[in-house]
Amino acid sequence: MSDDTIVIRPPSEANSFLLPVTIGCSHNACAFCSTFYDFKFGVRSIVDIKRDIDAVAMHYSRSVSRVFLENGDALIAPQETLVATLQHLKDRFPNLERVGTYSTPKAALLKSSEELKQLRKLGLTIAYLGVETGDEELLKKINKGATRAQIIEAGRKLKQAGITTSVTVILGLAGTEGSEKHAIATGKILTEIDPDFAGALTLMFMEGTALHKDYLAGRFKLISPFQSLVELKLIIENSSFTDCFFTANHASNYLPIKARLPQQKAELLALIENVLAKKDMSMLRPESIRAL
Ligand code: SF4
């Protein structure tokens, strides 16, 4: 197993110490994602993880307050690895405030509620869960490796353990054909999970993926930039949150937005409707500067 890795992290973890706990992604099969194609999945040894922590602590012991556990779904690591990692982080960084991780639905479901609570107690404060869509048929098509019900259960389980839950969905994932169904179902699954943070990205192709191959063969038709806003509007209309910070300000999005929901729901819908009514491309992020 190679220790070489790539840095993938949520935008909100830009200032965190990125600590590899796993290599690659245990699923590595989503139809739109080739991020970890070159990496054989594995869990790093606790000796290596502690060595990395010690190396950073030697110089930055007091200044590290945030840590992000890498890579694609670090929560899938065995409980003993995560427990030892979190304990060592606490020992070495006295000002540690938060530790985050990506989680697949499977990773969250494999842990018992008690195990998740134990991790929360030891400092795991936030988990980023890829939901992608609420459309059952589309989940199968993109090979997400989890059903709608399993994704809802995973999100709720994390939340119930006291771990802040941040989820992402992907605009345009169904192409033109399933666009409306995807958006409505996605609004509904977000309601069921009721996450603390929800982010909508817009589909950008990664070469070599099944979805990209479908596109090249004419089997998948990309939605237009304005259709992505129609999807966004449908998602917001069909979702109901207790208290969620909703963003669509990723570099892949055509219209950067952030809002606290439900408080700013009417305002947000009015903003999107205004852009949709004008259909003025200059109001959108130019294609040339969109990025994954
Ligand atoms: S679970 Fe995440 S990292 Fe893994 S293949 Fe799917 S999208 Fe990529």
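The values are calculated or read from the model by the stated rules, or taken from the named source; none is laboratory data. Predicted model, so just to flag it, every value in this text is computed and none were measured. Note: ideal-geometry Cβ built from the backbone for every residue, glycine included; neighbour counts use all protein chains shown.
Residues of region 255-270 that are touching a residue at least 24 places away in the same chain (Cβ under 8 Å) and among the charged types (D, E, K, R): Lys265 alone.
Only a single criterion out of (1) of a type in the set (A, V, I, L, M); (2) surrounded by fewer than 20 Cβ atoms within 10 Å (Cβ to Cβ); (3) within 16 Å of the ligand (Cβ to nearest atom) is not satisfied by Ala55, namely (3).
Among the helices (runs of 4 or more DSSP H) confined to region 38-150, the ones with at least 1 residues that are in contact with a His (Cβ under 8 Å, 6 or more places away or on another chain) and farther than 22 Å from Pro20 by Cβ are located at 136-141. Step by step: first the residues of region 4-15, then only those that are more than 14 Å from the chain's Cα centre (by Cα) and within 15 Å of the ligand (Cβ to nearest atom), then the one that is nearest to Arg44 (Cα to Cα). Which residue is that? In this case the residue turns out to be Thr5.
Of all the listed residues (Ser239, Ser228), the sole one being in contact (Cβ under 8 Å) with a residue 12 or more places away in the chain, touching a helix residue (DSSP H, G or I) at 6+ places or on another chain (Cβ under 7 Å) and within 16 Å of His182 (Cβ to Cβ) is Ser239. For Asp194, the conditions (1) under 17 Å from Tyr254 (Cβ atoms); (2) in contact (Cβ under 8 Å) with a residue 12 or more places away in the chain all hold with the exception of (1). Taking the criterion of being more than 10 Å from the ligand (Cβ to nearest atom) and either buried (at least 19 other Cβ atoms within 10 Å of the Cβ) or modelled with pLDDT of 95 or more (or both), the residues of region 16-38 that qualify are Ser16, Phe17, Leu18, Leu19, Pro20, Val21, Thr22, Ile23.
Restricting attention to region 133-173, which residues are in contact with a Lys or Arg (Cβ under 7 Å, 6 or more places away or on another chain), in contact (Cβ under 8 Å) with a residue 24 or more places away in the chain and at negative phi? Across region 133-173, the qualifying residues are Gly134, Asp135, Glu136, Ala146, Ala161, Ile163, Thr165.
Taking (1) farther than 29 Å from Asp38 by Cα; (2) touching a Phe, Trp or Tyr at 6+ places or on another chain (Cβ under 7 Å) in turn, Asp214 satisfies each apart from (1). Within the bounds of region 147-167, is there any residue that is of a type outside the set (D, E, K, R), surrounded by fewer than 22 Cβ atoms within 10 Å (Cβ to Cβ), within 11 Å of the ligand (Cβ to nearest atom) and modelled with pLDDT of 95 or more? Scanning region 147-167, I find no residue that is of a type outside the set (D, E, K, R), surrounded by fewer than 22 Cβ atoms within 10 Å (Cβ to Cβ), within 11 Å of the ligand (Cβ to nearest atom) and modelled with pLDDT of 95 or more, so the answer is no.
Taken residue by residue, region 23-45 has at least one member that is under 22 Å from Gly123 (Cα atoms) and out of contact with any helix residue (DSSP H, G or I) (no Cβ under 9 Å at 6 or more places or on another chain). The set of residues in region 82-121 being more than 16 Å from the ligand (Cβ to nearest atom), polar (S, T, N, Q) and buried (at least 18 other Cβ atoms within 10 Å of the Cβ) consists of Thr85 alone. Checking each residue in region 271-286 for being free of Cβ contacts under 8 Å to residues at least 12 places away in the same chain and of a type in the set (Asp, Glu) picks out only Asp280.
Please work out if Ser65 is more than 14 Å from the ligand (Cβ to nearest atom) and in contact with an Asp or Glu (Cβ under 7 Å, 6 or more places away or on another chain). For Ser65, the condition - more than 14 Å from the ligand (Cβ to nearest atom) and in contact with an Asp or Glu (Cβ under 7 Å, 6 or more places away or on another chain) - is met.
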